[in-house]
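Some notes on the structure that comes next.
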Amino acid sequence: DTAVSQTPKYLVTQMGNDKSIKCEQNLGHDTMYWYKQDSKKFLKIMFSYNNKELIINETVPNRFSPKSPDKAHLNLHINSLELGDSAVYFCASSQDWTTGKTQYFGPGTRLLVL
Amino acid sequence: QKEVEQNSGPLSVPEGAIASLNCTYSDRVSQSFFWYRQYSGKSPELIMSIYSNGDKEDGRFTAQLNKASQYVSLLIRDSQPSDSATYLCAVNRPGGGNKLTFGTGTQLKVEL
């Protein structure tokens, strides 16, 4: 059974489109995260939710909007896609948001904006 | 200055040798330290976590932490070709919501 899953795995779209990425975890964790890994493999946090509440909101364009319908799901909606949004987006989860709790990563969604 | 710095590599070691990966961090209050392994096209996978000064061993892996020098390292003994991957150092600080700050990773190549 996959612990942290993401859909879709690949996403190819045109500039200006709106797209969503979904994430689900079956670990019973309270906290979920979105990270972006750019073409140079640098991994940077975007958002974090704990039990449906926003905990971390890094400096991310407001075209990016996370939504957590319940603590097992965290989705990422991106409006007006730009070329620079091309990256791999990883979802992760941890037991809670206490410093030092291990984060488990999903398989990633590879987004290519043309 | 980057918050977490790693030599990007590639670091090439022969099979059976010890691979030594290094990481420095700038935030003195950083509290927890992690090494993730990432194979090409895959997601990061936790290898080791370390929270206090000294060494922590798990099988062929040893993490070393020196908070005074703001330095954390990962040693891989008896390196295998299957260890070839990018190794990401990550840190987090108290009160940061468990936010991980990553280095840019070191690519390790273990040669036959």
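Which residue, A:Ser93, A:Ser20, A:Ser80, has the most motion in a Gaussian network model of chain A that connects Cα atoms within less than 10 Å? Among A:Ser93, A:Ser20, A:Ser80, the largest mean-square fluctuation in the Gaussian network model of chain A belongs to A:Ser80. Assuming charge only on the beta carbon of Lys and Arg (+1) and of Asp and Glu (-1), the dipole of segment B:1-72 about its Cα centre is about 80 debye to the nearest 20. Taking amide H atoms as placed 1.01 Å from N in the peptide plane, the amide H of B:Asp27 has no partner under 5 Å among residues 5 or more positions away or on other chains. This ranking places B:Met48, A:Met32, A:Met15 by how few other beta-carbon atoms lie within 10 Å of each, fewest first, which gives A:Met15, B:Met48, A:Met32.
Along each principal axis, taking the top coordinate minus the bottom one, the Cα set of the protein assembly as shown gives 49, 39, 37 Å in descending order. For segment A:12-99, the list of trypsin sites (Lys or Arg not before Pro) that fall in a loop by DSSP and count at most 11 other C-beta atoms within 10 angstrom reads A:Lys40. Within segment B:86-108, find all residues whose amide N lies under 20 Å from a label point positioned 7 Å from the Cα of B:Ser12 along Cα-to-beta-carbon. Counting backbone N atoms under 20 Å from the label point, the list is B:86-87, B:106-108. Largest GNM mean-square fluctuation across B:Thr24, B:Thr101, B:Thr86, computed for chain B with C-alpha springs under 10 Å, falls on B:Thr101.
Per-residue 3J(HN,Hα) values for segment A:68-85, derived from phi via the Karplus relation 6.51 cos²θ - 1.76 cosθ + 1.60 with θ = phi - 60°, read 10, x, 7, 6, 8, 10, 9, 10, 10, 10, 10, 8, 6, 4, 10, 4, x, 7 Hz in sequence order (x marks Gly and Pro).
Segment B:57-88 and segment A:70-114 have Cα centres spaced 26 Å apart. The mean number of partner chain beta-carbon atoms within 10 angstrom of a residue's beta-carbon across peptide A:103-113 is 3.
Of the GluC sites (Glu not before Pro) found in segment A:1-108, those that fall in a DSSP loop while having at most 14 other beta-carbon atoms within 10 Å are A:Glu58, A:Glu82. Per-residue Karplus couplings for segment A:22-30, computed as 6.51 cos²θ - 1.76 cosθ + 1.60 with θ equal to phi - 60°, are listed in order as 10, 9, 9, 10, 10, 8, x, 6, 8 Hz, Gly and Pro entered as x.
Between amide H atoms placed 1.01 Å from N, distances below 5 Å from B:Met48 occur with B:Trp35, all of them 5 or more places distant or on a separate chain. Amide hydrogen proximity for B:Ser84: with H placed 1.01 Å from N in the peptide plane, the residues at 5 or more positions away or on another chain lying under 5 Å are B:Val110.
Rule-based calculations on the coordinates, nothing more; no lab input. Here the structure is a predicted model, which is why all the values come from computation and not from measurement. Neighbour counts run over all protein chains shown; Cβ positions are idealised from the backbone, glycine included.
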